[in-house]
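A short write-up of the structure that comes next.
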């Protein structure tokens, strides 16, 4: 057995060229083969790649989908995002636990099935959902969970439980997924009829500088959430010193409630690859990387094949479209379960085979990115916009949307609404109109931009979705009349606590402290001064944090203090002695009582 | 070409630095001390503790990693920034298990010294009391994870100065910790008492055995003057 482990690891490492930078591919492959990257495996990998064992351990321990302990042959990862909870994931979880006879985070005694929770897997419009190995199961119920377990007990092969494929390319032989695209509204940019590779053809007839100018004239801003002007980013990358440059596509959409890139990757991948190729041409790069989140691994074989087809058509590789000297190819880097890797410098770290820690800025990726070379990292949707801008012209693009935010935005809408799904709408749409469009009535709150965005109430529904008013990377979660906003905020804080990389103090500790105090308030142990405490803690966390995660993670609390203050205030109750019950003497004594082995004689009862 | 001089201000005081320097480097040379914990001479700035965050033209930046540029306006010892600094120090105290009264690093500890400099008598945040372990396997050195503040100095010193990579970070978030390059124990690594990595810990997480409490109270590093005084004396 140990010999085979040694041989397999040797083969995997050799396949990756014994390249330390490909460590993610190595550990992903080992995990897949053995259900773990065991201690022994770490030693062997370190030996093969000529690195230190602790470096391997450092990476393995960072990503949620990798583990030193052996997981079951089948891993059920049940999504416990808020939207899944709204859709009854708790009863699904119970059904799985009962049927398997294990709790969350455990593996059956025969080593066959592991059950665990995972944060948002990008299926909020068809929640509750789960990943069973790489396969996505949607619209789960407790009955379905029981059926799945019964089937697994027969053959332990999730592929055999396949029910019916979803629409479009979800039915493609290489995808064979039950996922539904859920495109509810097609707009003029991403989901429009177009000339295949029209943008690329036109780009190749222009000079790279002209391409960048066109993108700048279109005033395109990044669609991932940060909103940095794309043309400017490309200009910096083009101007930076370096023979080798990289184009990276950020397909690690992990913001809870976001699933728009899933649809692009399934249906509009050609537009995406076209945009990346144009990016390569514009900045002077011959190599692109598509960083695909592990949750979307079910699309990996399909995307690989589509890349191969583009190569065969001469749209990737050497002398693209017959243009001598213009070379560009794309490889896919699979992630391993880490929200932080959606942050561009963390994503680069991950591509380099490192922990997904953000990098120090400056230098910015445009100066020193992937393996120290100038790199542009753009969102999936951004690349698609570029291809369309070049095809139709900047003037066409700026006609769409609002003055400060040209173009359309893909919105992933989920939660309490009749028609959850993906909507392509022009920037500048009011929240009110959006809610009408998605069939949401009697709305208490809308979370725009996911938990790192903000909770807004009805008095703000006249506001518009755009960079200058309410920006969003795409997530819109609707909360109906009866939803508990503070409990929801607490759940989102839990998400940030879990997903913080832990590199810097304010994010690593601040989020924990904020969540604790919020939970105290929810438990009726709060006092009015707690709001100032939370406000200040949130400000320290935002100001001090090193990357976008900690700079926005206090938002669920800060935006609810701002927009839903009465929800907090009604929880502050004075007790009979006129004091706020922030201190519970009995629970404070319980530890001491445990050590002493006797009960307090004063605080009895 | 002569080294280009740049001029900027820290809290209204004019500071002259050289192009390519970080704000902290320029400030140190000018005798202006900016509180810090992870930054250490001879090591690449890590930018993780965030104690040295200042406002640069109104935007928060870590002064250990941010390059100084001509004309920038830096705010450091303002009431607002000092408040956030204290909060961050507080966070480090409650996140681990720091018992200064019987820690042998007491008086030589940078975390403790920063707290005193910033006027913290006791943290205002609730103690987390995490359960952390201790590795006393090595005959000369021990690691007490209770006191580790994850500054990364030992990781870098071992890798870049000692050429060994004895330490590296594992896990993430609240579970993040220092691990050693062995299956479990420090004794199984090639660390040596003379390694630079044993000398860089700002707190009492990496401790040399056999010399505990060797310096009497009164002669310890920060007994008479606050941390940063050596830099401020240049002024």
> Between residue A:598 and residue A:371, how many nm apart are label points set 7 Å from Cα along the C-beta direction?
Replying inline: 7.0
> How far, in nm, would the chain grow between residue B:100 and residue B:193 when pulled straight, counting 0.36 nm per residue and subtracting the alpha carbon separation?
Replying inline: 31.1 nm
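Which whole number of Å³ per residue matches the convex hull of the alpha-carbon atoms in the stretch A:74-163? Show your work: numbers first, answer last.
Values: hull volume 7.0 nm³, N = 90.
Cα-based convex hull of the stretch A:74-163, divided per residue, equals 78 Å³.
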> So for the pair residue A:210, residue A:228, with labels modelled 7 Å out along Cα→Cβ, what separation do we get in nm?
Replying inline: 2.8
>> How many angstrom lie between the Cα centre of the stretch A:117-146 and the Cα centre of the stretch A:400-418?
In response: 25
> Which value, in nm² and rounded to one decimal, describes the direction-averaged projected area of the C-alpha convex hull of the stretch A:283-322?
Replying inline: 3.4
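Specify, per residue and in Å³, the volume enclosed by the convex hull of the alpha carbon atoms belonging to chain A. Display every interim value, and only then the final one.
Values: hull volume 104.3 nm³, N = 605.
Per-residue hull volume (Cα only) is 172 Å³.
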> Sorted by average packing, counted as other Cβ atoms within 10 angstrom per residue and highest first, what order do A:413-420, A:244-251 take?
Replying inline: A:244-251, A:413-420
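What are the semi-axes of the equivalent ellipsoid of chain B, taken as the square roots of 5 times the eigenvalues of the Cα gyration tensor, listed largest first and rounded to whole Å? Walk me through the numbers before you get to the answer.
Working: eigenvalues 198, 84, 60 Å².
Result for chain B: semi-axes of 31, 21, 17 Å.
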> In degrees between 0 and 90, to the nearest 10, how far off the longest principal axis of chain A does helix A:39-49 point, with axes built from Cα atoms?
Replying inline: 20
> Other chains near A:49-59: what is the mean number of their Cβ atoms within 10 Å of each residue's Cβ?
Replying inline: 5
> Rounded, prolate or oblate: which fits the stretch B:63-185 when a ≥ b ≥ c are the square roots of the eigenvalues of the alpha-carbon gyration tensor, with rounded for a/c under 1.5 and prolate only if a/b beats b/c?
Replying inline: oblate
> How crowded by other chains is B:61-69, given as the mean number of beta carbons from other chains within 10 Å of each beta carbon?
Replying inline: 2
> Hey, with R₀ at 22 Å, roughly what FRET efficiency would residue A:529 and residue B:82 work out to, going by the Cβ-Cβ distance, to 0.05?
Replying inline: 0.55
> Can you tell me the Rg and the Dmax, both Å, for the Cα atoms in the stretch A:2-60?
Replying inline: 9.7, 26
> In degrees from 0 to 90, rounded to the nearest 10, what is the angle of the helix A:269-283 Cα long axis to the longest principal axis of chain A?
Replying inline: 70
> So what's the back-of-envelope 222 nm ellipticity for the protein assembly as shown, counting only DSSP H runs of four-plus at -39500 (n - 2.57) apiece and dividing by all residues, rounded to 500?
Replying inline: -10500 deg cm²/dmol
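Calculate, in whole percent, how much of the Cα-Cα pair population of the stretch B:5-77 lies beyond 13 Å. List each step's numbers first, then the result.
Numbers: 1535 of 2628 pairs.
Roughly 58 percent, once rounded to a whole number.
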> Peptides A:98-110, A:584-596, A:19-31, B:202-214: what's the order by average Cβ count within 10 Å, highest mean first?
Replying inline: A:19-31, B:202-214, A:98-110, A:584-596
> To the nearest Å, what is the center-to-center distance of the stretch A:510-539 and the stretch B:191-235, using C-alpha atoms only?
Replying inline: 36
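Is there a simple number for the mean count of other chain Cβ atoms within 10 Å of the Cβ of residues in A:535-545, and what is it? Write down the numbers at each step before the final one.
Details: counts 0, 4, 5, 0, 4, 10, 5, 2, 11, 11, 3.
Across A:535-545, the average partner-chain Cβ count within 10 Å equals 5.
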>> Compute the angle between helix A:230-239 and the longest alpha-carbon principal axis of chain A, please, reported from 0 to 90 degrees and rounded to the nearest 10.
In response: 60
>> What distance in nm lies between label points placed 7 Å from Cα along the C-beta direction at residue A:319 and residue B:223?
In response: 8.0
> Can you pull the semi-axes for the stretch A:486-569, root of five times each eigenvalue of the Cα gyration tensor, sorted largest first, whole Å?
Replying inline: 21, 12, 11
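If you average the sequence gap of Cα pairs under 8 Å that are 6 or more apart and divide by the length of the stretch B:5-77, what percent do you get for the contact order? Show your work: numbers first, answer last.
Working: 145 pairs, mean separation 28.7, N = 73.
After rounding, I find 39 percent.
Coordinate-derived values only; no laboratory data. From a predicted model like this one, the values you see are computed outputs, not experimental measurements. Note that we place each Cβ from the backbone using ideal geometry, even for glycine, and neighbour counts take in every protein chain shown.
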